[in-house]
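The values are calculated or read from the model by the stated rules, or taken from the named source; none is laboratory data. Worth saying up front: this structure is predicted, and the values here are computed from it rather than measured. Every residue, glycine as well, gets a Cβ built from its backbone with ideal geometry; the counts of neighbours run over all protein chains shown. Please note that ligands, DNA and RNA were not included when accessible areas were found on the heavy atoms of the full protein model with its side chains. Shrake-Rupley method; radii C 1.70, N 1.55, O 1.52, S 1.80 Å.
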Amino acid sequence: MNKIRNIKGTKDLLPDTTFIWQELEEKIHHFNQQFGYKEIRTPAFEESDLFKRSVGSETDIVNKEMYSWIDQGGNNLTLKPELTAPVTRAYIQHELGKSNPINKLYYIDALFRRERPQKGRQRQFHQFGVEVFGSKFPEQDAEIIIMAFTFLQSLGLDDISLEINTIGSKSIRGAYITILQDLLNKYRQDFSAIDKQRLDKNPLRLFDSKDLKCREIVNETAPTIYDYISKEDRLHFDNVCSILNDSGIQYTHNQKLVRGLDYYTRTTFEIKSSSLGSQDALCGGGRYDELVEQLGGTSTPAVGFAAGIERIIMTLENQIQRSHKSIDIFMILISSDALSPGMNLANNIRNKCNLSVITETLRRSMRSQMREANRLNANYSIIIGEDEIKSNTAIIKNMQNGEQINMDMDKIINYFIKG
RNA sequence: GUGACUGUAGCUCAGUUGGUUAGAGCACCUGUCUGUGGCACAGGGGGUCGUGGGUUCGAUGCCCAUCAGUCACCCCA
């Protein structure tokens, strides 16, 4: 019989790495609470239409990467490939805007995209992010950009860089794309097959083509979107920049920064790490002022970002030292008569002293149990064998200095309370 | 979806110009130590050399296919 394996592009997090996740998740909760953001959790799957209408039916995510299926009731469902759309859906559905003019939300969640796995890319992966509904003002853009950047900095990541851009409103972007296509069509024969596809489907991507010649043509002949956006858009962007300037955070205005999802308007940004390889974006986000209305809510400005947890952990990996977590007490039980008294004692210590206690369940030799206590880095071991049962005592051994004392059972709790 | 590279013990990897019982280090188990860890020493378990086919007297090694992994493209966190 062949063994069943995990699905391609998914990962088991084994006990020797989960502590990293736990620590990072705690930091994310703490950090967001410091900014007054509240956690939101949405279901693992949604109606497929939600993503078609928000992310964009022409995007790769929707076209070829979604895990979709028809369920037994005939509904077309999809495992969420991103989180802005579900959170926006929840915001609209529960009328969060009615009870509060501004909603500052954050999440930590698993996402699913059927892509070919590679470094920094999986089919199930995790993101944390924030979404803010209600403020159209540049200080809100700046707040979340500062949040994203300072959080990553606080983790000790040094090789990170922040790029920001503005892409105007959706209608302006549409007009700009048409201009771009008309202009660049003249050079079509000079483009590679991939870039020809881009020209038709997503000409903004031509700005960061891997093909040097293509990049050269585009850079020399094409105007950037900054030349086309409205006065208001430009003012908004300038205000975001000036707040960032005052905050002291280093950034670059990358006029070619493009985001792949349809719903973005005005501000977009990305944080990259140079230590990641080809998939170097740790965090991406921007403003999406038109999405709420587009999904059937009353027009509400919004802005948010998402950061890849696996990618963050990867960049962290060099500096993580496998902290050998210690336990407080290992309970060595030698005779079968010792099992019940030992387990009861262990429970008492857990409850009354708030210590971690592991009890032997393998009936190993004393020597093996001692080794186990040592391997687990126990501060103390408590030994109960036949002699101790007879005299209603236990041996308490300090594993650091090897000293041990014989103690009456009913005094042990007190001993550990005093600590 | 396309391309390149890689698959030998739980992990990291040697190895055979095709030759009979396939190795090391770490980890694990036991003993030296009859109820006491770390150190040391001695021993032990664990592999149909990814899977299937072909060539050959003989394949872990060569050929083909297949699966899996890794990295890159596309795209994205």
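Just a few scattered comments:
- Here A:PHE269 meets each of (1) farther than 26 Å from A:LEU83 by Cβ; (2) in a strand (DSSP E or B) with one exception, condition (1).
- Among the residues of segment A:285-308, none is identified as among the hydroxyl-bearing types (Ser, Thr, Tyr) and part of a strand (DSSP E or B).
- The listed residue being out of contact with any Ser or Thr (no Cβ under 7 Å at 6 or more places or on another chain), within 14 Å of RNA strand B (Cβ to nearest atom) and under 22 Å from A:CYS283 (Cα atoms), out of A:PHE137, A:PHE151: A:PHE151
- Selection of segment A:102-119 for residues being within 15 Å of RNA strand B (Cβ to nearest atom) and open to solvent by less than 20 Å² (accessible area, probe 1.4 Å) yields A:TYR106, A:TYR107, A:ALA110, A:LEU111.
- Cβ pairs under 8 Å, 6+ apart, first in segment A:40-69 and under 16 Å from A:GLN294 (Cβ atoms), second within 16 Å of RNA strand B (Cβ to nearest atom) and of a type in the set (Lys, Arg): A:GLU46/A:LYS80; A:PHE51/A:LYS80; A:GLU58/A:LYS201; A:VAL62/A:LYS52
- Taken over segment A:292-318, residues that are over 28 Å from A:PHE137 (Cα atoms) and near RNA strand B (Cβ under 9 Å from one of its atoms) amount to 5.
- Some residue of segment A:352-361 being under 23 Å from A:ILE417 (Cα atoms), among the charged types (D, E, K, R) and either touching a residue at least 12 places away in the same chain (Cβ under 8 Å) or more than 6 Å from RNA strand B (Cβ to nearest atom) (or both): yes
- Of the helices (runs of 4 or more DSSP H) that lie entirely inside segment A:143-257, those containing 2 or more residues that are hydrophobic (A, V, I, L, M, F, W, C) and open to solvent by 70 Å² or more (accessible area, probe 1.4 Å) span A:193-201.
- Residue that is touching a residue at least 40 places away in the same chain (Cβ under 8 Å), open to solvent by 10 Å² or more (accessible area, probe 1.4 Å) and in contact with a His (Cβ under 7 Å, 6 or more places away or on another chain), where the choices are A:GLU310, A:GLU290, A:GLU270: A:GLU310
- Of the strands (runs of 3 or more DSSP E) lying entirely inside segment A:373-419, not one is found with 1 or more residues being in contact with an Asp or Glu (Cβ under 7 Å, 6 or more places away or on another chain), more than 22 Å from A:LYS352 (Cα to Cα) and open to solvent by 50 Å² or more (accessible area, probe 1.4 Å).
- Looking only at segment A:362-377, residues that are in contact with a helix residue (DSSP H, G or I) (Cβ under 9 Å, 6 or more places away or on another chain) and near RNA strand B (Cβ under 7 Å from one of its atoms) come to 1 in all.
- Answer residue from segment A:35-77, given it is aromatic (Phe, Trp, Tyr) and open to solvent by 50 Å² or more (accessible area, probe 1.4 Å) and is nearest to RNA strand B (Cβ to nearest atom) among those: A:TYR67
- Residues in segment A:269-291 that are near RNA strand B (Cβ under 9 Å from one of its atoms) and aliphatic (A, V, I, L, M): A:ILE271, A:LEU276, A:ALA281, A:LEU282.
- The one condition in (1) surrounded by 12 or more Cβ atoms within 10 Å (Cβ to Cβ); (2) without any contact (Cβ under 8 Å) to a residue 40 or more places away in the chain; (3) of a type in the set (A, V, I, L, M); (4) part of a strand (DSSP E or B) that A:MET343 fails to fulfil: (4)
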